[in-house]
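Presented below is the structure to which this report refers.
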Amino acid sequence: MTVLTSLKAYLRLGLLSMQSQLQYRFRFYFPFISGAIWLAVQVSLWTSLYDKSGLNAAKMGGLSLSKVIDYVILTYFISKLYPSTLIEDVSNDVRNGKLNFYLTRPMSYLGRLLSEFVGNKIISLILMLPVIILFSLIGGSLLPDETARQVFAGIIALAESLCLAFVWNLIISIFSFWIQETSSLSFWNSFISQILSGQTFPLSVFPAQFQVILEFTPFPWMNSFCVLVFLGEIHGLKLWEGLFVTFGWITVLTCLTLLLWKTAIRRYSGVGG
Amino acid sequence: MRSLYIYLQSFAHRWRLYALFWGLVLQREMSFRANFLSMLVANISVLFTTLVSTLFFFLKVNNLAGWTFPEMIAFLGTFQIIDGIWMTFAFFNVMSLQQMIRNGSLDSVLLKPVDSQWWVSFWKPNVGGIVDILIGMCLVCYGWSHTSTFGSAYRLCAYVVEVMASVVIWYSLNFIITCLAFWFTQIGDLFDLTSGLYDVAQRPDNLYAVWVRKFLLFLIPLGVSVSVPSRVLVSHFQIIDSFWMIFIAGIHLVICRVVWLYGLRNYSSTGSTL
């Protein structure tokens, strides 16, 4: 009964987050204007690299120009689902003493963050669908030969990637208990993870040895893996292996988060509020 | 003669005031040394990552739309310098202006015996941006020294002027957008548009179709604000493009001033706590 009650509370929080996202649904579309410019830049860049600078599929790990463009577009949309403000939110709660208020509530602070993230992103995904369709129509070739199995595998990989990104950002955000000002940490984290997770460009740009090293970090599983699954570049045993490794990273990082959280809460002294 | 004397006096007064701003900011930064150091580390590591990524690209291709590796390094350095100057002197002030207009704290600025646009644009410098400028200079020196144009004093002078023109364009465009807060309550989303243009500026303009390049150069020069100065330093350049950049920077500055003065006439100081 108690578990059911607390689950209901988290569900309610998720719904509230959905409502608040819906309240600003028109503002949600504004960033896509700059996104369209960014995508146009990316398309020009890659077209120029393939047409004028001698880049080809063989040098890019088998990715043709159209595949790279699809990769860039998909990555752009997936990046919109990342918990981009999580570090800032937690840092503000800790610094302003707002955390005191949440800690006295009969629910987990981390659970609250997760509920809000899920609720928020479900609405983001729904609101994003017309833009995805519009971009696909203009781009012409976004996932033209998708099979149902590929889409299904892509959705599972996406869910795992988002969970991993959430847990990773949560770990970084917990550092705000030790560091007063986390803006530089947040900036550094976002920049480094964007490059190493393949959000800035496909990881096949990196030399093969570096790609092998990267596979032992959580970064490629946050974005690159799921995009390549959607594009049909990863299938069969590799797909299962990837899903398993991502799950492993989620488990390890979740344990680390809980451990860090316990330590952080122990040293936290709620001033102000 | 007397008016010239008054002008020079006011100029000297502004410089004294500006030195005071810097003194205050340095005092503040010294009390948050750890944060300053972490920002320094973050900036350097970001730059290092950018360089390594560019190097990886050039392991696969010989040039990027005609730009060789040293030219590209000079291009990245130029972006870093322009961004650094903008961040050091005006960015945070221009961004906070919107809030000042909305909550009425602009009143206290208007009462000060100094030009209000100057004050709201430069009252709080950002020390962290200086690191960007220095790093950018190192990159430009490295890139330039590996090109055939290295050592040309004429190119260097033209480059400095073009960089200044680009900074003026960055400042003016953002200031004009911020001034819209005099008429509209929510203008934050408009900055999404300029962030898209920064993305355009971060790549050499040769990447884009000729008509896009011309459109950017003549209508929204922010998009080519890094390419034009970089080309002046390390590559072949059209003299007309360079003059145009300077001219358009001047036009932007005039428009920026007119919008500010016109905005002040519409300012009704709602919600002032003065």
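A compact table of results
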{"read-out": "In region B:44-57, the residues that are more than 7 Å from every other protein chain (Cβ to nearest Cβ) and crowded, with 18+ Cβ neighbours inside 10 Å", "value": "B:LEU47, B:THR50"}
{"read-out": "Sole exception among (1) surrounded by fewer than 19 Cβ atoms within 10 Å (Cβ to Cβ); (2) modelled with pLDDT under 85 for B:LEU261, by number", "value": "(2)"}
{"read-out": "A:PHE244 crowded, with 16+ Cβ neighbours inside 10 Å and either touching a Lys or Arg at 6+ places or on another chain (Cβ under 9 Å) or at pLDDT 90 or above (or both)", "value": "no"}
{"read-out": "Residues of region A:159-216 classified as modelled with pLDDT of 85 or more, of a type in the set (Asp, Glu) and more than 26 Å from A:SER64 (Cα to Cα), total", "value": "1"}
{"read-out": "1 or more residues under 30 Å from B:THR149 (Cα atoms) and at pLDDT 75 or above: qualifying helices (runs of 4 or more DSSP H) within region B:1-107", "value": "B:33-60, B:69-86"}
{"read-out": "Criterion (β-branched (Val, Ile, Thr), more than 10 Å from chain A (Cβ to nearest Cβ) and without any contact (Cβ under 8 Å) to a residue 60 or more places away in the chain) met by exactly one of B:VAL94, B:VAL109", "value": "B:VAL109"}
{"read-out": "Among the candidates B:PHE75, B:PHE57, residue that is of a type in the set (Phe, Trp, Tyr) and within 24 Å of the chain's Cα centre (by Cα)", "value": "B:PHE75"}
{"read-out": "Odd one out for B:VAL212 among (1) closer than 26 Å to B:ASN63 by Cα; (2) under 16 Å from the mean Cα position of the chain (by Cα); (3) within 14 Å of chain A (Cβ to nearest Cβ)", "value": "(2)"}
{"read-out": "Verdict on A:PHE77 being modelled with pLDDT of 80 or more, more than 14 Å from chain B (Cβ to nearest Cβ) and buried (at least 16 other Cβ atoms within 10 Å of the Cβ)", "value": "yes"}
{"read-out": "Test: residue in region B:220-241 that is within 14 Å of another protein chain (Cβ to nearest Cβ), at pLDDT below 85, at negative phi and not in a helix (DSSP H, G or I)", "value": "yes"}
{"read-out": "Unique match (being modelled with pLDDT of 80 or more and outside any loop (DSSP other than H, G, I, E, B)) among A:LEU55, A:LEU15, A:LEU4, A:LEU45", "value": "A:LEU45"}
{"read-out": "Count of residues meeting criterion [within 20 Å of A:ALA153 (Cβ to Cβ), surrounded by fewer than 19 Cβ atoms within 10 Å (Cβ to Cβ) and within 12 Å of chain B (Cβ to nearest Cβ)] in region A:170-227", "value": "0"}
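The values are calculated or read from the model by the stated rules, or taken from the named source; none is laboratory data. All values reported here derive from a predicted model rather than from experimental measurement. Ideal geometry is used to build each Cβ from the backbone, glycine not excepted, and the neighbour counts take in all protein chains shown.
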